[in-house]
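Structure record follows, encoded as structure tokens.
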Amino acid sequence: MTWRSAKVVELRDETATARTIGLAVRDWPGHIAGQHVDVRLTAPDGYSAVRSYSIASAPNSDGHIEITVERLPNGEVSPYLTKELMVGDDLELRGPIGGWFVWRRDQTEPIQLVAGGSGVVPLMAMIRSHASAGSSAPFRLLYSVREPGAVFYRDELQALSGQGNSVVITYAYTRMTPTDWPRPAGRIDVELIATGTWPSNLRPTSYVCGPTSFVEHATDLLIAAGQDRERIRTERFGATGERK
Amino acid sequence: MAIISRGFGGRRSAAEAKLPPGQYLTTDFPVLSAGPTPHISLDRWEFTIDDGSKVLKRWDWKSFRELPTETITVDIHCVTRWSKLGTSWEGISLDVLLADIKADLPYAMFRSYGDYTTNLPLKDVVNKQAWIAFKFDGADLAPEHGGPARLLVPHLYFWKSAKWVKGLTLMPHDEPGFWESLGYHIYGDPWLEQRYSDQ
């Protein structure tokens, strides 16, 4: 797998701490929703650092991809990508990587996406792929975030959930809710799984992505609700968090 | 020729010098798993060695824990780029488990609860290179880290150290396991940075 040069063509803030980076990649071979890339930064003295980031954009043929990076307070690479990087800069990346945590456009079964925080990024690639392909597979997203201001892709998700129900979305707020929100702030629980996910008799495939503790908790709840463990795919990131 | 990243300094420390290429240090213990964590009760747990047609050895938890144990302090390196130095484990050496086996089969497929598999040359798991570990940092190994017991092969990328391990199948030829069939390297030496199958 070769390193390719990628030019920054767009920068968009998603939240106060997260930024989407649009990249034009030379000879990009294309990707499948859910895959990630390795990004390499090199200092003038030759020191380099590499981190993996999920691709947020849908597969396309124009050589453009987007990644969304959450800034970690003590990160080595994410502060650079979310603060220093400017349109016109060149990065190096290689990929796409990963053949397991992916949604392919020929999958027709109901899909349950479960996101914790920035774990929504690879799931957004699946939602966008589903929408751009005009897939009729029923899609549902349960999205757990700290507070309303921490939601990524807010307007686009709202538009997609309005448009002929391309995806049905349930939000869960863990620290602070919008005003007049019916459910108090807290972790996802049995009741939210019952109302916010496909029933197990539809035999959905589930994709769960987020911090390790979130993924452990969410998958335990899905299994307790009767979901088949063979149909649950997971991607976890540790407290270092630079995977996403 | 690498592209220089304008304004990127990076962080370097003396400890980084001990790491394989492309790795960074963490003091956490991140988790990488393909699916839900299985919760395995000790009265159902077993470990078997077979040659693809017949079981050559079988232990339940009680007989397994009567085998001689070792404490192991090693550095571990995950393909997702974190490394953790000086981790402390307790486990049973594969040398003990394979001691009476006379099969002339040079490869092994390790099998886990939850259907995970990973392949290893037998020469990489003998001679004090691999253990079935059941304690980490003095405490029982937590389910999300592979408990009750996981393979520990610290000289290869950590996906080879299969969680929730339940046995191994000896094989005449090398065959890819789970991640090895999904784009990751068949062998996985971190010092040679063997991350991906098509690199």
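The values are calculated or read from the model by the stated rules, or taken from the named source; none is laboratory data. Everything numeric in this text was worked out from a predicted model, so none of it was measured. FYI the Cβ positions are ideal-geometry reconstructions off the backbone, even for glycines, and counts take in every protein chain you see.
Looking at the stretch A:82-92, is at least one residue surrounded by 15 or more Cβ atoms within 10 Å (Cβ to Cβ) and more than 30 Å from A:TYR47 (Cβ to Cβ)?
no
Looking at the stretch A:146-244, what helices (runs of 4 or more DSSP H) fall wholly within it and have at least 3 residues that are within 12 Å of chain B (Cβ to nearest Cβ) and farther than 21 Å from A:LEU72 by Cβ? Steps first, answer last, please.
Numbers: elements: A:154-162, A:190-196, A:212-224.
In the stretch A:146-244, the matching helices (runs of 4 or more DSSP H) lie at A:212-224.
To keep it simple, each residue is scored yes or no on (1) aromatic (Phe, Trp, Tyr); (2) at pLDDT 95 or above; (3) over 18 Å from B:LYS57 (Cβ atoms).
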| site | (1), (2), (3) |
| --- | --- |
| B:SER83 | no, no, yes |
| B:TRP89 | yes, yes, yes |
| B:SER93 | no, yes, no |
| B:LEU97 | no, yes, no |
| B:MET109 | no, yes, no |
| B:GLY114 | no, no, yes |
| B:LEU120 | no, yes, no |
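Is the stretch A:38-57 home to any residue that is more than 15 Å from the chain's Cα centre (by Cα), in a loop (DSSP other than H, G, I, E, B) and away from chain B (no Cβ under 14 Å)? Before the answer, list the steps.
Step one: filter the stretch A:38-57 for residues more than 15 Å from the chain's Cα centre (by Cα), giving A:38-51.
Filter once more, keeping what is in a loop (DSSP other than H, G, I, E, B): A:43-47.
Restricting the remaining residues to those that are away from chain B (no Cβ under 14 Å) gives none.
Checking the stretch A:38-57: not a single residue is more than 15 Å from the chain's Cα centre (by Cα), in a loop (DSSP other than H, G, I, E, B) and away from chain B (no Cβ under 14 Å).
Looking only at the stretch A:18-36, how many residues end up being closer than 23 Å to B:ILE4 by Cα, away from every other protein chain (no Cβ under 12 Å) and not in a loop (DSSP other than H, G, I, E, B)?
7
Search the stretch A:1-17 for residues being part of a strand (DSSP E or B) and in contact (Cβ under 8 Å) with a residue 12 or more places away in the chain, and hand back the single one that is farthest from the other protein chains (Cβ to nearest Cβ).
A:GLU10
Here are some conditions: (1) touching a residue at least 40 places away in the same chain (Cβ under 8 Å); (2) within 26 Å of A:ASP220 (Cβ to Cβ). B:GLY188 meets all but one. Which one does it not meet?
All conditions pass for B:GLY188, except number (2).
Please determine whether any residue of the stretch A:142-154 is touching a residue at least 40 places away in the same chain (Cβ under 8 Å) and under 19 Å from A:THR234 (Cα atoms).
So far as the stretch A:142-154 goes, yes, one or more of its residues are touching a residue at least 40 places away in the same chain (Cβ under 8 Å) and under 19 Å from A:THR234 (Cα atoms).
Are there any pairs, at least 6 apart or on different chains, whose C-beta atoms fall under 9 Å, with the first in the stretch A:200-222 and touching a residue at least 12 places away in the same chain (Cβ under 8 Å) and closer than 13 Å to A:ARG140 by Cα and the second outside any loop (DSSP other than H, G, I, E, B) and hydroxyl-bearing (Ser, Thr, Tyr), and if so, which?
Sorted first by the residue in the stretch A:200-222, then by its partner, the pairs are A:SER206/A:THR219; A:SER206/A:THR234; A:TYR207/A:THR234; A:VAL208/A:THR219; A:VAL208/A:THR234.
Name the single residue, out of those in the stretch A:58-81 being hydrophobic (A, V, I, L, M, F, W, C), assigned to a loop (DSSP other than H, G, I, E, B) and under 17 Å from the mean Cα position of the chain (by Cα), that is surrounded by the fewest Cβ atoms within 10 Å (Cβ to Cβ).
Within the stretch A:58-81, the match that is surrounded by the fewest Cβ atoms within 10 Å (Cβ to Cβ) is A:LEU72.
Yes/no per residue for (1) surrounded by 15 or more Cβ atoms within 10 Å (Cβ to Cβ); (2) in a loop (DSSP other than H, G, I, E, B); (3) away from chain A (no Cβ under 14 Å):
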site: B:PRO36; (1), (2), (3): yes, yes, no
site: B:ILE40; (1), (2), (3): yes, yes, no
site: B:LYS62; (1), (2), (3): no, no, yes
site: B:VAL79; (1), (2), (3): yes, yes, no
site: B:GLU90; (1), (2), (3): yes, no, yes
